[in-house]
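The values are calculated or read from the model by the stated rules, or taken from the named source; none is laboratory data. What you see is a predicted model; the values in this text were computed from it and never measured. Quick reminder, even Gly has a Cβ in these numbers, built from the backbone with ideal geometry, and neighbours come from all protein chains shown.
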Amino acid sequence: MLRASSWVLGLSLLLATGGCRHRGPWAEPAPIPDAAAVELLVLGQPRDGAATRAVRDELDRTLATSRAQGRASIIAWLGSDLGHRGPDAGGRCPPPAPPSDSALAELGALVESAGASAWGLPGPDGLRCAREALPYRQPGLNYVVRIHSSGAVELASSCAGPVCTLTAPSDDTLVELALLELGPWHYPELASADELDVLIAQQTSLLAALAAAPRVPRVLLSSIPVDSAGVHGLGGRLQRTGYRYLPPPVQAALAEGLFVGAIGALERSLQVSADLSHAVHRNARTYLARPVFGVVSGAAGGASHTIPTSRGDALLPDIETEHPGFVRLLISPDEVQVRVHARVAGRWRETGISVALDPAPLPALRTPPTIQPCSSCDPLEGVTDRETWLPRGPRPR
């Protein structure tokens, strides 16, 4: 009886808070550009369960379509959910499911057999449980992958202890992916002090080598996003992400415009932001030199609803959904088409936005984003010489 009452109470609370969040331009996405010869598919937080099997089927369909259209596919696996629904489960690592009954193993088998180039990072649970099957290449916890216009992929960096080196980009370099494992920085129990010092030294060395190399479009990938509107965002119940919480060398690289985009997982949702500069200013009062698009793709193992009072309040994504799925980036020489694949009410839906692959610098003088009384308040209706309006109820007449 008590269990039934708890279920009814939980359902009532979910309905009272508006149910799952699903916002953005969910119309038919723009056609794929003919110049988009390369695509990057981001898988974050897959786990054993029905949601991962559904993602596997959609990924299989997407890869088959890309092969038929002659498009090269690269898979980024940004950590797995091996514990009890999320990496904040206090170090609990249940025994792995038998391979014959493991959705995670099925997804890994698809990645290995798809003919795509797959690269990844272990993420907090991979580091904690140390038993993840690796269906991707992982040369280390900090490395750079270079993608050419032809779709060819190569490892462009090497690290020996705290020192990392980088080969020079060629003329046909389309984009470089810098994969940095930030898990031990955000979850200190995952590494000793000496191990963390080496990781940060590697990141400092690698970012310095990227800054000294000829400028090409570069994207930052990590199992932990730069910022999030979910439960791990600034002001959220499990506050973990945000510019102010990044390692100092990563902060400096973002501020100086080294990266055109930042991709992460961790959250059990899908989020796309055309520019993170306003969120960075809200949470750290820092101006970025260039626009940085943001992607959170952590729903490959299923999504999770976050009530409004537990959400981060610095980032306002252009697209956000609390449904299972993944994010796909179609990369052409001039732009990146960011597409969200989400399973809503048993059907796959797709939408996306386009961002510049090499955006122009932001102006030195610019209007700061709205910060108080809240990030989504109307600055015209919230001025101090009139009655302040907060978007918590009907608009005053």
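Structure values in brief
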read-out: Qualifying positions in the range 282-316 - surrounded by fewer than 23 Cβ atoms within 10 Å (Cβ to Cβ), among the hydroxyl-bearing types (Ser, Thr, Tyr) and either touching a His at 6+ places or on another chain (Cβ under 8 Å) or in a strand (DSSP E or B) (or both); value: 287
read-out: Residue check, residue 87 more than 24 Å from residue 347 (Cβ to Cβ), at pLDDT below 95 and over 22 Å from the mean Cα position of the chain (by Cα); value: no
read-out: Cβ pairs under 6 Å, 6+ apart, first in the range 161-182 and in contact (Cβ under 8 Å) with a residue 12 or more places away in the chain and assigned by TED's automatic domain parsing to the domain that holds residue 220, second in a strand (DSSP E or B) and among the β-branched types (Val, Ile, Thr); value: 174/147; 175/147; 175/331; 176/144; 177/145; 177/219; 178/144
read-out: Residue 128, sole failed condition from (1) in a strand (DSSP E or B); (2) modelled with pLDDT under 90; (3) of a type in the set (Lys, Arg); value: (1)
read-out: From 56, 67, residue being at pLDDT below 95, in a helix (DSSP H, G or I) and either in the same structural domain as residue 146 (by TED's automatic domain parsing) or under 27 Å from residue 266 (Cα atoms) (or both); value: 67
read-out: Matching entry among 343, 347, 285, 339 (being without any contact (Cβ under 8 Å) to a residue 24 or more places away in the chain, under 25 Å from residue 27 (Cα atoms) and not small (Gly, Ala, Ser)); value: 347
read-out: Filter result (part of a strand (DSSP E or B) and among the charged types (D, E, K, R)) within the range 202-223; value: 218
read-out: Sole exception among (1) more than 24 Å from the chain's Cα centre (by Cα); (2) modelled with pLDDT under 75; (3) in a loop (DSSP other than H, G, I, E, B) for residue 9, by number; value: (3)
read-out: Output for the range 135-187, where each listed residue is assigned to a loop (DSSP other than H, G, I, E, B), under 24 Å from residue 112 (Cβ atoms) and of a type in the set (Phe, Trp, Tyr); value: 136
read-out: Candidate set: the range 186-222, residues that are under 26 Å from residue 269 (Cβ atoms) and modelled with pLDDT under 95; chosen: the one nearest to the chain's Cα centre (by Cα); value: 186
read-out: Residue check, residue 319 surrounded by fewer than 18 Cβ atoms within 10 Å (Cβ to Cβ) and among the β-branched types (Val, Ile, Thr); value: no
read-out: Flag if residue 329 is touching a residue at least 24 places away in the same chain (Cβ under 8 Å) and part of a strand (DSSP E or B); value: yes
read-out: Subset of the range 253-275 (residues that are surrounded by fewer than 24 Cβ atoms within 10 Å (Cβ to Cβ) and in contact with an Asp or Glu (Cβ under 7 Å, 6 or more places away or on another chain)); value: 260, 274
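Here is a yes/no grid of residues against (1) among the basic types (Lys, Arg); (2) touching a Gly at 6+ places or on another chain (Cβ under 7 Å); (3) closer than 26 Å to residue 172 by Cα:
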| residue | (1), (2), (3) |
| --- | --- |
| 210 | no, no, yes |
| 225 | no, yes, no |
| 235 | no, yes, no |
| 238 | no, no, no |
| 254 | no, no, yes |
| 263 | no, no, yes |
| 268 | yes, yes, no |
| 273 | no, yes, no |
